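A.B. asks: Okay, here's the structure, questions in a sec.
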Amino acid sequence: MSDMNQQMTARYKNNFLKEIEEQAEMGDWVKMCMQCGVCSGSCPTNFHGGWDHPPQELFMMIRAGKRDEVLSSNSMWQCVSCYNCYVRCPRKVPITHVMHGLAEYAYRLGRAPKMQPTLHLSQTFWNNATKYGRVNEVKLTQSLYFKDGIGSGIKKALEMQSMALGLVKAKRLNPMEAIGGGHKCKDLKGIHAMLAKARELEAKRKGRQPA
Amino acid sequence: MAEMKTAAYICKGCELGTRLDAASLVKIATKEGKMNLVREHDFLCSADGVAMIKNDIASEGVTHVAICACSRRAKTEAFNFPTVAMSRGNLREGVIWIRPDTDAARETTQEMAEDYVRMACAEVKAMKVPEGNQNTGGVKTLLVVGGGISGMTAALEASKAGYKVVLVEKAGELGGMTAKLYKRIPTREPFKAPEDNGIADLVAQIEADANIKVYLNATLAKTSGAPGRFKVEIAVESGSVATEDVGAIVQATGFGLYDMNKLPHLGGGQANVVDQAGLEALARAANGGPIKRADGKEVKSVVFVQCAGQRDTTGEHLQYCSGHCCNTSIKQAMYFKDSNPDIDTVVLFTDLRTPGNGEDFYRSAQNKGVIFSKGVVSNVSASGGGCKVKFKDLILNEETETEADLVVLATGMVPTSGPDLDALSEATRAAEGGDEAAKEQVIQMKSKSVLNLDYRQGPDMPQFKHGFNDSHFICFPYETRRTAIYAAGPVRRPMDTVQAIEDATGAAMKAIQAMENAGLGKAAHPRAGDLSFPTARLEGCTQCKRCTVECPFGAIDEDEKRFPLFNESRCRRCGTCMGACPVRVISFENYSVNTVGAQIKAVDIPDEFSEKPRVLILACENDAYPALDMAGMNRYEYDAFVRVIPVRCLGSVNTIWITDALNSGYDGVMLMGCKHGEEYQCHFVKGSELGRYRMSKVYDTLKGMNLEEERLMDLEVAITDIETLPQKINDYAAKIVEMGMSPFKGL
Ligand code: SF4
Ligand code: SF4
Ligand code: SF4
Ligand code: SF4
């Protein structure tokens, strides 16, 4: 993977575009963008600042071979999956999915911004779900609350106390999950086997070593 | 024709009978119109009404008919009596439909109707039945100049329609520019890949067609005559001259390439930089294999520079878009990608314009991995073994650059329409004045002539914008200013092969129509079918030459005695010559200084104290008059003090009408004609412009008469001005009221 990071790109040549096509989920759509800008104009979060590049620009940067800027861009992490761009793109580019594909690829290359909230949530959610075979809500909540340390974790928990109680009363949250009780997955082993197989297939499709 | 017998018919249908006092109209037609026969009818356009008129013509010997009913534009099939002279009093669209049905308005509405009856009677008495001259020539062979895709298509289409064709090509083989293409932009589903250029097939069809006679290595040495009787001398390579009689001509001489040496900053003239035609040659040589540069190196990366020397705002290069070059670059990028998908192909554009089904083609190229980037190229220079392209990326908003083995410039199309006639006549004048350089220039310019027309007005067709022969993009694209000579393909406006094929088909059909009309003595567009034609009473002619110079269609030559010689089949019946003639000796049988003058005189002018001003409107029959009719159909009201007379074109308006009207007590005159100038809408191209120029001289006359300038008003009207036109009329009428009555009443 490190050799990937060393890759050199020449401007306005196909190499980085090809890399994205091969490596990033839905990356083969990038070439179909016709630079109309409808996605950028439709994106509700893009206007709030903090976005390095709106989707249209990101796609042009890929074509222009701006590898470093693209992979370290924060844009794909800012996407909230509202699908506004997706439904509006006149070229039917599945923009939202391309954004996710880019995020995943940057993460895989170790280029994702550190302590990025979207990344952290996804990561935590994924680890939690795959470990237990289903989401353990109490543990997921805990790890999110305490991500910035004990003090702020307790503060957040106190703030949300009454809601948590309400959820418990409505049988929407089972406190036993904190100690290994509550809902469980019926065939945890089976799920793990399935996930392993999926990883293997995916790796084969993309021609790389299973992660 | 036998003695003149006049008849007026007053219709009472369409509420005319209830809104107007028909009995009084009958009285006016009889007493003032002095018509021999006056009848009213409840429904004149009905079978019964029409039969009544026909019967009067057949058994009463009626020769002149005034139909006082609806607009001359309505019920033309019912009121179609080709053997008699006919005028139409517009009581429906012109009177009751534009006036409110109120007691207060009744009097002025009736007065309006009465005037239109007077005018119809006066007009018809000044008219004759146009006989049409069938001896103007009936040759039905089409001459096609140019054997490219447009010319060959025109020839084949005409042949399929049953006409003989003479096809003249200056090169040694048919095919033109398209034959030089490795492949062409796709013309059919699924529009995803370049397709065969199609020339071999067309050439085979031409060769197998007994109707088509082909001259190769040939040019036109001389084209004389007129529609239906052109005589062309064809100079062939051997030096001999062949003569052919043809009825109409399609000029499909295509385009030339904009010289890329004029674009040094884009690398024009450098090694490893070609224009699109240059790339076609490389692709043909490669024939599907790896494309190699002139130095033999295989091209691994290529950059296409769109709009090279086109859509230029500095005035230095072509100002227009050639329309095909975006699709052409897409196609050429595919040549590379199809031979090897690893070749880097970048298209730098500001706007990618892909007419027709080019959008599918564009997508297909993206799919093949062609990179499209929005950018403006500032410089192309030699670098390493190839080129460095500097440009501004408009999406990323930065100055940047890339390298390529080969750069392709998308330069534009330049028309091959022959010399510019205005420049030529200027140079000729200077040459006649003894200017040696000008003499050389004249020879140079004449050598570029395509048609070598033996017309007094110059050897080729007058050019429009940027030297192309396009006459009117939307309304009458094929018409040129030389009757029965049609421009097709890129000589008319820049276009691709798909458009050229369509264009050539259209032009061939128009040419056929023109030949047929010429054989019958009928006019071509826009008065298609008109049998009248202008004649000059030469006893009165002062040989001022205004008619010969002003005729927008080059219809008038000079005879040996230097009198104007009208070529009827070249004439479009616009009347510009009639408007131009200072001694008013030019007239049509059914349209003359008298037919309009009589109408102007027929209007009843109330005296100074009546508070009823009269405004004369001379309205172009192509746009303004229909717009007025449509205003009527929509029941938009306008002032009751106006009297409208349709004219063939503002160009046909003789200033005498205006001065006579003002002299006889009209309070104002309004001219309604089409837009003129660069973006003209005039159906006779130059007519409205010439007419307006003449009118500008009338202001001096007004001053001499001590009349306000505002008594003459020139209004530009488009056929779509249906809603705004009534308001403009009302505003003008209000202004006239404010100005006060003309002092010339009752003099
Ligand atoms: S909307 Fe689609 S085509 Fe337009 S810029 Fe965005 S991705 Fe490209
Ligand atoms: S899906 Fe993502 S990129 Fe698209 S509009 Fe929504 S937030 Fe923006
Ligand atoms: S000016 Fe018009 S009417 Fe007169 S000869 Fe020319 S085309 Fe005919
Ligand atoms: S404009 Fe009238 S006077 Fe002049 S040349 Fe023509 S016909 Fe003669």
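The values are calculated or read from the model by the stated rules, or taken from the named source; none is laboratory data. Only a predicted model underlies this, so the values are computations on that prediction, with no experimental measurement involved. Cβ: placed from backbone, ideal geometry, glycine included. Neighbour counts: every protein chain shown. All accessible areas refer to the heavy atoms of the entire protein, side chains included, with ligands and DNA or RNA removed. Shrake-Rupley method; radii C 1.70, N 1.55, O 1.52, S 1.80 Å.
A.B. asks: Residues of the range B:646-697 being outside any loop (DSSP other than H, G, I, E, B), among the β-branched types (Val, Ile, Thr) and either surrounded by fewer than 21 Cβ atoms within 10 Å (Cβ to Cβ) or within 16 Å of ligand 4 (Cβ to nearest atom) (or both), which ones?
C.D. replies: Answer for the range B:646-697, where residues must be outside any loop (DSSP other than H, G, I, E, B), among the β-branched types (Val, Ile, Thr) and either surrounded by fewer than 21 Cβ atoms within 10 Å (Cβ to Cβ) or within 16 Å of ligand 4 (Cβ to nearest atom) (or both): B:Thr655, B:Ile656, B:Thr659.
A.B. asks: When B:Ser383 is evaluated against the numbered criteria (1) within 11 Å of chain A (Cβ to nearest Cβ); (2) closer than 18 Å to B:Ala294 by Cβ, which criterion, by number, is the only one it fails?
C.D. replies: Checking B:Ser383 against (1) within 11 Å of chain A (Cβ to nearest Cβ); (2) closer than 18 Å to B:Ala294 by Cβ, the one that fails is (1).
A.B. asks: Only residues that are in a loop (DSSP other than H, G, I, E, B) and within 25 Å of the chain's Cα centre (by Cα): list them for the range B:557-588, please.
C.D. replies: Of everything in the range B:557-588, those that are in a loop (DSSP other than H, G, I, E, B) and within 25 Å of the chain's Cα centre (by Cα) turn out to be B:Asn567, B:Cys571, B:Arg572, B:Arg573, B:Cys574, B:Gly575, B:Cys581, B:Phe588.
A.B. asks: Looking at (1) more than 16 Å from ligand 2 (Cβ to nearest atom); (2) surrounded by fewer than 17 Cβ atoms within 10 Å (Cβ to Cβ); (3) more than 14 Å from every other protein chain (Cβ to nearest Cβ); (4) outside any loop (DSSP other than H, G, I, E, B), find the lone condition where A:Glu69 falls short.
C.D. replies: In the conditions (1) more than 16 Å from ligand 2 (Cβ to nearest atom); (2) surrounded by fewer than 17 Cβ atoms within 10 Å (Cβ to Cβ); (3) more than 14 Å from every other protein chain (Cβ to nearest Cβ); (4) outside any loop (DSSP other than H, G, I, E, B), A:Glu69 misses (3) alone.
A.B. asks: Does at least one position in the range B:685-705 carry a residue that is more than 16 Å from ligand 3 (Cβ to nearest atom) and either closer than 20 Å to B:Asp607 by Cα or not assigned by TED's automatic domain parsing to the domain that holds B:Val647 (or both)?
C.D. replies: Yes: the range B:685-705 contains one or more residues that are more than 16 Å from ligand 3 (Cβ to nearest atom) and either closer than 20 Å to B:Asp607 by Cα or not assigned by TED's automatic domain parsing to the domain that holds B:Val647 (or both).
A.B. asks: Ok, one more. Going by what's in this entry, would B:Ser339 be described as within 11 Å of chain A (Cβ to nearest Cβ) and touching a residue at least 40 places away in the same chain (Cβ under 8 Å)?
C.D. replies: no
A.B. asks: Given (1) within 14 Å of chain A (Cβ to nearest Cβ); (2) open to solvent by 10 Å² or more (accessible area, probe 1.4 Å); (3) among the polar types (S, T, N, Q), where does B:Thr345 come up short, assuming only one miss?
C.D. replies: (2)
A.B. asks: How many residues are surrounded by 23 or more Cβ atoms within 10 Å (Cβ to Cβ) and assigned to a loop (DSSP other than H, G, I, E, B) if we restrict to the range B:312-342?
C.D. replies: Total meeting the criteria: 2.
A.B. asks: Something else about it: Taking the options B:Ala619, B:Ala627, B:Ala602, name whichever one is of a type in the set (A, V, I, L, M, F, W, C), within 26 Å of the chain's Cα centre (by Cα) and farther than 24 Å from B:Phe533 by Cβ.
C.D. replies: Only one candidate qualifies: B:Ala627.
A.B. asks: Then there is this: Here are some residues: A:Pro44, A:Pro90. Which one is within 14 Å of chain B (Cβ to nearest Cβ) and either open to solvent by 50 Å² or more (accessible area, probe 1.4 Å) or modelled with pLDDT of 90 or more (or both)?
C.D. replies: A:Pro90
A.B. asks: Continuing with this model, one more query. If a residue has to be open to solvent by less than 30 Å² (accessible area, probe 1.4 Å), outside any loop (DSSP other than H, G, I, E, B) and of a type outside the set (A, V, I, L, M, F, W, C) to count, how many in the range B:519-556 make the cut?
C.D. replies: 3
A.B. asks: When you check B:Leu396 against the structure, is it within 13 Å of chain A (Cβ to nearest Cβ) and not in a strand (DSSP E or B), yes or no?
C.D. replies: Yes.
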